[in-house]
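Have a look at the structure below before the remarks.
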Amino acid sequence: MVPNASLVEIAVSDRSAPIEISGPGLNGGQVSTADMTGVVIINAWASWCAPCREEWPILAQIQTVNPTVNLLGLNEADDANTAADFLASQAGEWPHITDPNQSIAAEADVVQGSYLPGTIVLDRQHRVAAKFIGPVNKSDLQRIVTQLLAE
């Protein structure tokens, strides 16, 4: 069963300990949120996921409007060539971790089951501040980013 797109926001006083998400980069090397400062948006996606394709321009626009915000992609279940071809056809440029078995996304609670897309937003201390199950909503995502940048 596919869940409805939903948003959970976590008040500052209710946020858990900081998390780190790391793994092999699609372009080689290791990618980690530990190397990023400030607010981080982590988005789990796949090239074959229609809602992922639909939300991509929103993520690219958020990156343009908020240049201090970090984006991190978790590519789920694509082979490297398919993921690279998809990225070449999309706007925006940010690091991506390859997560072929969805283990990184599951451990970080970015996805619900195997449903894509999923997005979490980390505050400046890298605590989970918001979670989208399903595609992000542009106005909600921008509002959350603005709030986190002001904290």
- prompt: Are there any pairs with C-beta distances below 7 angstrom linking a residue in the range 77-91 that is closer than 20 Å to VAL111 by Cβ to a residue that is assigned to a helix (DSSP H, G or I), with the two at least 6 apart or on different chains, and if so which?
  reply: GLN90/TRP56
- prompt: What is the number of the single condition among (1) under 22 Å from LYS138 (Cβ atoms); (2) touching a Gly at 6+ places or on another chain (Cβ under 7 Å); (3) aliphatic (A, V, I, L, M) that ALA46 does not meet?
  reply: (2)
query: Being closer than 16 Å to PHE132 by Cα and either modelled with pLDDT of 95 or more or surrounded by 15 or more Cβ atoms within 10 Å (Cβ to Cβ) (or both), is that true of even one residue in the range 17-32?
result: no
Extreme residue, farthest from ILE19 (Cα to Cα), among residues of the range 98-145 that are touching a residue at least 60 places away in the same chain (Cβ under 8 Å) and of a type in the set (S, T, N, Q): ASN137
- request: Could you tell me which residue of the range 44-69 is nearest to PRO135 (Cα to Cα), considering only residues that are touching a helix residue (DSSP H, G or I) at 6+ places or on another chain (Cβ under 6 Å) and not hydrophobic (A, V, I, L, M, F, W, C)?
  value: SER47
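The values are calculated or read from the model by the stated rules, or taken from the named source; none is laboratory data. The model shown is predicted, which means the values in this text are computed figures rather than measured ones. Counting neighbours? That spans all protein chains shown, and the Cβs are built from the backbone with ideal geometry, glycine included.
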